[in-house]
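For reference, the structure is listed below as structure tokens.
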């Protein structure tokens with residue numbers, strides 16, 4: 001009976017474990033894009049909460065890129081889309097998509113936008129290279145993701161970048 005009680009306590013402790021990481025969005029390509037990106041992992045799910053300011057009004061593609069490096073003025077140092085399974089670019093959970101496909105962020109007339117995205121296909125620091133987003137970057141693009149042009153969705157330049165550490 002004592003062992004069962006200890007197992008139950010351990011299960012509750014593990015289930016309630018969570019990780020939160022918050023980062024600053026760096027402006028890129030001579031823009032003033034700014035904001036925060038918060039990642040929370042609880043159990044088997046990761047939630048990304050982007051709060052972005054000083055964007056041009058309209059839709060902006062958001063992708064995970066392969067390198068956690070935002071040092072280049074145009075964020076080219078972040079590399080291409082993170083695509084560990086070598087799938088076609090597309091819309092998340094659509095017929096074709098890869099782990100870096102997130103979707104579009106809508107900036108209002110005042111340039112503010114927020115996107116909350118949750119998935120069980122990512123993790124923060126796990127041992128699975130097909131899921132681990134630590135060491136990657138979030139890139140906010142100047143244009144909309146059309147969800148079919150290969151390999152980038154025709155999303156345009158890079159206006160914001162976040163290194164996920």
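Every number in this text was worked out from the coordinates using simple rules, so none of it is lab data. Note that the structure is a prediction, hence the values are computed from the model and not measured. Positions of Cβ are generated from backbone atoms using ideal geometry, with glycine treated the same way; all protein chains shown enter the neighbour counts.
Quick look at the numbers
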{"read-out": "Principal-axis tilt of helix 2-16 within the chain, Cα atoms, nearest 10 degrees", "value": "10 degrees"}
{"read-out": "Extension gain, residue 95 back to residue 34 (0.36 nm per residue minus Cα-Cα distance, nm)", "value": "18.7 nm"}
{"read-out": "Simple label model, 7 Å out from Cα along Cβ direction - residue 120 to residue 45, nm", "value": "0.9 nm"}
{"read-out": "Matching label, semi-axes √(5λ) of the Cα gyration tensor in Å computed from the structure shown, candidates [x] 31, 17, 14; [y] 25, 19, 15; [z] 31, 21, 11", "value": "[x]"}
{"read-out": "Value of [θ]222 nm, deg cm²/dmol, for the chain, DSSP H segments ≥ 4, -39500 (n - 2.57) each, nearest 500", "value": "-3000 deg cm²/dmol"}
{"read-out": "Span from the region 80-128 Cα centroid across to the region 38-75 one, whole angstrom", "value": "9 Å"}
{"read-out": "At R0 = 35 Å, FRET efficiency that the Cβ-Cβ distance of residue 154 and residue 20 yields, to 0.05", "value": "0.55"}
